[in-house]
Each structure stands twice: as structure tokens, then as C-alpha cells.
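First the structure, in the form of C-alpha cells, and then the observations on it.
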Amino acid sequence: MTKRRRDKEIGRTFSVDGSTYIGVFATCTESVLLLPSHTSDRLAEEMESALKVKVIRTSLAETSLIGCLAAGNSNGFIFSTYTLESEIRRVDDLARSEGLTEKISRLPDRDRMNAAGNIILANDAVALVHPQLSEKTVEVIKKTLEVKVYKGTIGGLKTVGMAAVATNKGILAHRNATQEELEFMEEIFELPVEIGSVNFGIPLIGAALLANTKGYAAGAETTGAELGRIEDALGF
């Protein structure tokens, strides 16, 4: 974890598993932060403080790629098809021990795409998803997350979960998002949408940013100018 700090009351910068691409290894909602099982107590506590959430440490599909394989909001989580029953039980049990009730669903077996965090961009009301997802998968997302679901791209990318981050206050998207894509996101989410980058110029926002309405955690290489853009876009 980097020593550099932006604002302990709003957001901070981190590395997870030695990587500044923290969105690959973690995901958060308004109340929960999912981190790899082996995450140190110190890092878990500091990320918990930055996002003002409860930490749950787990593996998904026997890997530490939590951010790639999970997407969630205040209503529940969608996990990869390959998530083990024992991993689902662990997350459910730990959530309940913290007084939280999270609905958990797997992506349907028949859908070839199983990296839920890569293909779903969601807040508590709306989800934008990979345009080639099956209607069965869309229905699972709709029921589990209790959201309206739309299909689309960001910057021409179908992996919308890595191309942007959405909270209940705003959206920060890939800097190559077209005007049409930005207007579509503003229309469906009914929120302001800005473009930016993370980790010193990387446009894949979701790969290095975790955020909710209470705070954010960014990759350790994210610059001061990029942090300012994050704060403006997400309403801090």
C-alpha cells in the first residue's frame, strides 16, 4: 500500500496484491468491500476507513480476482459462474454477522461471459451491461440487484464494468467515451457523467478505482489531477 494520502475523510490511494489495479482485486458497495482472503489486517482496515464500509475477505472461483468476478450494489451481488458454493456461503455468513443481508446470484451457466465485474456497471438503481449478454442473464441481474438494466458500450468497449465507475451521485467514464455514450449514460442513470483516467493516464476507470457515496479508493499511481477529477465527477 502506498504511503501517499489524498484525504482520509474522502479517499485514499492503495495497492492490492502489489498491484495498483485495485479494481481487479476488489469491489465495493455502499456497505460492503470485498477483498481477497489473504489481504492484511492493516490494508483491510485502511480501505474500510476510506470507503466507510464493512470488509469481507474471500476468494471467488478460487482466485483473488474479486473485482473482475463480482459486481454488486446495496441490494446484492452477482458472482462469476465458477464461484464455489463454499465461497457464496462465506460471503453470506460474514455479511449476516455484520448485520447485512446481501442477495447473491451467479451468472447463468449458459452465458459464455462470466467475469461479472467486467461486464456490469451498476449503482443502486441502474445497470449498464455488456451488449451481448443473454436475456436470462439480464433477468438475473435485474432481480438480484433490483435495477433497471440497459445494454451498451463505453469508449467502444463492451466491458463496461472496467470502463467506468458509477455511484449514486455520479459516474466517471473512460476518456474515449463518445458523446452519444455519455448522453446515454446520463439519460439512464439520471446522473452527471464525466470522463477521466486513473493510475497516471489509464482510461480503464474500473480497473483502479473503488467508490461509493461516502468515499473512494484509487490505485497508488493515480495523480493529484486525476484524484481531483474523481472527486468532481463523483460529487465529493
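Arranged by the count of other C-beta atoms within 10 angstrom, fewest first, what order do Ser19, Ser37 take?
Least crowded to most crowded, the residues run Ser37, Ser19.
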Listed residues Ala173, Ala70, Ala95, most fluctuating in the chain (Gaussian network, C-alpha, under 10 Å): Ala95
Comparing Leu182, Leu33, Leu133, which has the greatest mean-square fluctuation in the GNM of the chain with Cα pairs linked when under 10 Å apart? Leu133
Once each part is reduced to its C-alpha centroid, what is the distance from region 93-115 to region 213-232 in angstrom? 28
Mind scanning Lys148/Lys214; Lys103/Lys214; Lys54/Lys151 and naming the pairs with a C-alpha gap bigger than 27 Å? Lys54/Lys151
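If you take every residue apart from Pro131 with its C-beta less than 11 Å away from the C-beta of Pro131, what net charge results, scoring Lys and Arg +1 and Asp and Glu -1? Show your work: numbers first, answer last.
Details: positive: Lys151, Lys158; negative: none.
Here the charged neighbours net out to +2.
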What the Cα atoms of region 11-233 span along the principal axes, largest first and in whole Å, is 43, 41, 27
Under Stokes-Einstein, with the Kirkwood radius over Cα pairs standing in for Rh, what whole-number D in µm²/s applies to region 84-140 at 20 °C and 1.002 mPa s? 166
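Values quoted throughout were computed directly from the atomic coordinates according to the rules given, and no laboratory measurement underlies them. Not measured: the values here are computed from a predicted model. Backbone-built Cβ (ideal geometry, glycine too); neighbour counts: all protein chains shown.
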